[in-house]
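To keep things clear, I will list the structure first and then write my remarks on it.
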Amino acid sequence: MIGLVLKDLLVLRKTAKLYIAMLSFYLVLALAGVFSHAMLTGFVALFTMMLPISSFAYDELARWDKYAAALPVRRRGIVGSKYLLALLLGAIAGALILISSGLFWLLKDTAPGEVLLTGLACVAAGLLMNSILLPLLFKFGAEKGRLLTMAVLAVIFLLGFGGGKLLGYHEFPEMPPCLKTLFPLILAGVLILALFVSYQVSLGIYRKKEL
Amino acid sequence: MKHAIEITGLTKDYGSFKLDRVSFAVPGGSIMGLIGENGAGKSTVIKCILGLIRHDEGRIRLLESDVPGGDRAVREQLGVVLDESTFHDALRAVDVGTILAKLYKSWDSALFSRYLHQFDLPRNKTVKEFSRGMKMKLSIAAALSHRPRLLVLDEATSGLDPVVRSEILDEFLSFIQDEEHAVLVSSHITSDLEKVADYVTYLHRGKVTLTGERDALLQHHGRLSCTKADLAAVDPEYLVSTRSSQFSCEALVRNKREFCTRYSHLTVDPVTLEDLMVFTAKGERP
């Protein structure tokens, strides 16, 4: 399975370099005060979400799936490797958030907790999106999966903002203080559960798939 | 190892196409050529063997295992080459080695390097820069470098120039020197298989039309060229199929030796695998 993650990293190295260059550019702009650090953290979430999707597109282009399914790792390994890749990219994104929060603290005197918390929440959101998208990608492939990604994002946007508007909120409601403390733990719990369920669903889909 | 692959009654129904009760075996220490026209079902058989698709009926025994596509231990002993390159354009040959070294317990990096050198494959160029022949040689180097017992190749030589094809066929022949090794190779280029295959299975419209030792199949059949009147006098029991033109007739005959004794005045030429295919696909049944 490690070999498959290594394959994805080697295939994605060019794309990842581009993302990191763009990230550094946004970081400099955010530090210069052109826009807030929220933009940066949003970009990191996108990085976490998009790279595993790209890896499916590259696999499809190379017709890798058939070959991989005949390797000793078998289908369980293929499915597991995509989740491991998502977690690894999430960890890299988390590390980048940690570095940028340190930079904001040193150079802009922004409270590190604030940058760190919003950043990690964005990484968690990226991973949550992956837990929805990976089974769809295993089922429908990269091409249709890309369209479905757009559809899922649109649904989330409509539910979040449209629902808020319907309920009469003009901005996110303030969390009760007790929930605020527990929020990271609740988020981590939801994330672990979502990834576990998603992995089981993907495995069920991919085991039956004819390649 | 008696048989590397044993297939009995393999059936897969797609509706518009059906693989119909396919049976054949690949003995250890031999090369089996799976021949047939495009769309005859060769790739479907190989996909079933590798567990890429599920078959409806029948039994596939792969390196003495009944697990579809083989269990982990079987796959460690299996080398696979599919009809097109399956490595990503962004990877270099050396990356392919690094990845596969993590996926096969018995991966031999030195052997892989030796194959890259032998096949003149640049280590640091990306797959995108490789020609079709180079991609295929990379796939074969990758399939051989974990020292498999069984090689399964789907149309590995199609679309390659004669020099590269001959290089690849030589590699199969040296692989098979070990009695424990076996090769199953599908191709519609019958001349390649005529050079290397010990056994041949001919698939036509999803069914096995012929299977057996290559030499026995070729010796058993003959190509008869004669007039219409001569052909009309031949016992239909000997005729597999016939082709007629305005001036002459040709027929694929079985039991060649017996036929030649009985019809000594008629000319019977040796057949090639291509003759067997063309007569079966295009000829008329008597």
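The values are calculated or read from the model by the stated rules, or taken from the named source; none is laboratory data. All of these numbers come straight from a predicted model, not from anything done at the bench. Glycine also receives a Cβ, built like all others from the backbone with ideal geometry; neighbour counts cover every protein chain displayed.
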Selection status of residue B:142, away from chain A (no Cβ under 13 Å) and of a type in the set (Gly, Ala, Ser): no
Output for the range A:69-91, where each listed residue is part of a helix (DSSP H, G or I) and without any contact (Cβ under 8 Å) to a residue 40 or more places away in the chain: A:74, A:91
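Got at least one residue in the range B:191-207 being over 13 Å from the mean Cα position of the chain (by Cα) and surrounded by fewer than 16 Cβ atoms within 10 Å (Cβ to Cβ)? Give the derivation first.
Here is the first cut: in the range B:191-207, the ones over 13 Å from the mean Cα position of the chain (by Cα) are B:204-207.
Next, from what is left, pick out any that are surrounded by fewer than 16 Cβ atoms within 10 Å (Cβ to Cβ): B:207.
Yes, the conditions are met somewhere in the range B:191-207.
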Test: residue in the range A:55-68 that is among the aromatic types (Phe, Trp, Tyr), surrounded by fewer than 22 Cβ atoms within 10 Å (Cβ to Cβ) and not in a helix (DSSP H, G or I): no
Out of A:148, A:136, sole residue that is farther than 15 Å from residue A:44 by Cβ, crowded, with 20+ Cβ neighbours inside 10 Å and not charged (D, E, K, R): A:136
Among (1) at the interface with chain A (Cβ under 7 Å from one of its Cβ atoms); (2) over 26 Å from the mean Cα position of the chain (by Cα), the one test that residue B:72 misses: (2)
Candidate set from the range B:49-68 (those that are farther than 16 Å from residue B:211 by Cβ and among the hydrophobic types (A, V, I, L, M, F, W, C)); member that is farthest from the other protein chains (Cβ to nearest Cβ): B:63
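Here's the yes/no breakdown for (1) touching a Phe, Trp or Tyr at 6+ places or on another chain (Cβ under 9 Å); (2) over 28 Å from residue A:72 (Cα atoms); (3) at pLDDT 90 or above:
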| site | (1), (2), (3) |
| --- | --- |
| B:157 | no, no, no |
| B:171 | yes, no, no |
| B:183 | yes, no, yes |
| B:188 | no, yes, no |
| B:191 | no, yes, no |
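If you go through the range B:115-122 one residue at a time, do you hit one that is within 14 Å of chain A (Cβ to nearest Cβ) and more than 26 Å from the chain's Cα centre (by Cα)? Outline the logic, then answer.
Just the residues of the range B:115-122 that are within 14 Å of chain A (Cβ to nearest Cβ), to begin with: none.
No, every residue in the range B:115-122 fails to be within 14 Å of chain A (Cβ to nearest Cβ) and more than 26 Å from the chain's Cα centre (by Cα).
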Failed criterion for residue A:33 (all others in (1) surrounded by fewer than 17 Cβ atoms within 10 Å (Cβ to Cβ); (2) in a helix (DSSP H, G or I) hold): (2)
Residues of the range A:190-206 satisfying the condition of being of a type in the set (Gly, Ala, Ser) and over 16 Å from the mean Cα position of the chain (by Cα): A:202, A:204
Selection within the range B:99-114 - facing another protein chain (nearest Cβ under 7 Å) and without any contact (Cβ under 8 Å) to a residue 40 or more places away in the chain: B:99, B:102, B:103
Filter result (touching a Ser or Thr at 6+ places or on another chain (Cβ under 8 Å) and buried (at least 24 other Cβ atoms within 10 Å of the Cβ)) within the range B:117-137: B:136
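Are there strands (runs of 3 or more DSSP E) fully within the range B:218-286 with at least 2 residues that are crowded, with 19+ Cβ neighbours inside 10 Å and in contact (Cβ under 8 Å) with a residue 12 or more places away in the chain? List them.
On the way: elements: B:222-226, B:239-244, B:249-253, B:267-269.
Strands (runs of 3 or more DSSP E) meeting the threshold: B:222-226, B:239-244, B:249-253.
How many residues, within the range A:104-120, are over 17 Å from residue A:42 (Cα atoms) and in a helix (DSSP H, G or I)?
The qualifying residues number 4.
This table checks each residue for (1) surrounded by 12 or more Cβ atoms within 10 Å (Cβ to Cβ); (2) modelled with pLDDT of 85 or more; (3) assigned to a helix (DSSP H, G or I); (4) aromatic (Phe, Trp, Tyr).
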site	(1), (2), (3), (4)
A:165	no, no, yes, no
A:173	no, no, no, no
A:178	no, no, yes, no
A:181	no, no, yes, no
A:185	no, no, yes, no
A:193	no, yes, yes, no
A:197	yes, yes, yes, no
A:202	yes, yes, yes, no
